[in-house]
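Notes for the one structure printed next.
The values are calculated or read from the model by the stated rules, or taken from the named source; none is laboratory data. Fair warning: this is a prediction, and the values are worked out from it, not measured in the lab. Cβ coordinates were reconstructed from backbone atoms using ideal geometry, including for glycine residues, and neighbour counts include every protein chain displayed.
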Amino acid sequence: MLTRTRWRVVEEPCEPAAARARWAAAADAGATGAVTSWGAGIGGRRHLRLYWEVDGDGAVPEGEDLAEENWTPYWRQSLSTAVVTPRVALVPAWEEGVPPVAFVLRFDPGMAFGAGDHPTTRLCLGVLDDLANRGGLPERALDVGTGTGVLALAVASMGASEVDALDIDPFGYAACRRNARLNGLEGRVRPLLRSLDLLDDTYPLVMANLVVGQLETLGPGLRERAEPGGLLLLSGFDEDAEGRVRDAVLRGAAVLDRRREEGWVALLARHPE
């Protein structure tokens, strides 16, 4: 298959106190992203992974090579247009026709997680659509574990002016960037190849559609990234794991909306003031 993006990865031992300075120095030298082992939820390790995108022009350090393959032929056989709410449709990039809905999100999954066809994605999009319809969607948002960027693209399409789309996978970063361009949202969606602990900003809306183990690991960081009185939208877990997510992430947050589909759950909560 044809290669889409190529990456050079350098992993080095690093203690938490030194990670930000190392990332800043690497960024000055042209690195695209950085992920800490603890920020990625890998127990028992103290390492920093630095990513350089290899474009044939700039110099990159010695390290491991990764290549993003073009998986479009595979996806053509398994994905089709889906109307996920009365106002939102997910349309694969190769589909020609579009449904008559307010928000059409074109996407190409590439090698990233998140083809938009899971109940948790539908639940989150329903919550976001209702927020936008009631005029309650904030101007700024963070999407943690963005994958293909579907939730980030939706929030931007619905009116948010600044959406940071965070992922620790270079292929997710590449897919989100590609899909932002596909939807004309480059100025609103900013893909970030970084672990949550290397992010400083706070947001009036923080979204995380992740498996329960990741939500538990990232719980403190998710709360820290939410502004006082801001919104937290969480999914990726089933009813049996809901209590674990509430304990790990929603400490003191008031649940405003709970939705369920096929045993999966999405929660919208307001962070304490």
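Could you list all residues from the range 39-48 that are crowded, with 20+ Cβ neighbours inside 10 Å and out of contact with any Phe, Trp or Tyr (no Cβ under 9 Å at 6 or more places or on another chain)?
Step one: list which residues in the range 39-48 are crowded, with 20+ Cβ neighbours inside 10 Å, which gives 39, 48.
Matches in the range 39-48: 39 only.
With the condition kept exactly as written, say whether any residue in the range 151-164 is buried (at least 23 other Cβ atoms within 10 Å of the Cβ) and on the phi > 0 side of the Ramachandran plot.
No, the range 151-164 contains no residue that is buried (at least 23 other Cβ atoms within 10 Å of the Cβ) and on the phi > 0 side of the Ramachandran plot.
Somewhere in the range 222-229, is a residue modelled with pLDDT of 95 or more, under 24 Å from residue 69 (Cβ atoms) and of a type outside the set (Asp, Glu)?
In the first step, residues of the range 222-229 are kept if they are modelled with pLDDT of 95 or more; the result is 222-229.
If we keep only those that are under 24 Å from residue 69 (Cβ atoms) as well, we get none.
No; the residues of the range 222-229 include none that is modelled with pLDDT of 95 or more, under 24 Å from residue 69 (Cβ atoms) and of a type outside the set (Asp, Glu).
If you take just the strands (runs of 3 or more DSSP E) that sit entirely in the range 1-95, which of them hold at least 1 residues that are among the β-branched types (Val, Ile, Thr) and not assigned by TED's automatic domain parsing to the domain that holds residue 119?
3-13, 33-36, 47-54, 82-85, 88-92
Test residue 72 against the stated conditions and say whether it is of a type outside the set (A, V, I, L, M) and touching a strand residue (DSSP E or B) at 6+ places or on another chain (Cβ under 8 Å).
Numbers: of a type outside the set (A, V, I, L, M): yes; touching a strand residue (DSSP E or B) at 6+ places or on another chain (Cβ under 8 Å): no.
Taking the combined requirement at face value, the residue does not satisfy it.
Looking only at helices (runs of 4 or more DSSP H) that lie completely in the range 165-252, which have at least 1 residues being within 30 Å of residue 6 (Cα to Cα) and out of contact with any strand residue (DSSP E or B) (no Cβ under 9 Å at 6 or more places or on another chain)?
Values: elements: 170-182, 212-225, 242-249.
Ranges flagged: 170-182, 212-225.
Being closer than 30 Å to residue 11 by Cβ and in a loop (DSSP other than H, G, I, E, B) is the filter here; which residues of the range 132-164 pass it?
Those that are closer than 30 Å to residue 11 by Cβ and in a loop (DSSP other than H, G, I, E, B): 145, 146, 147, 148, 149.
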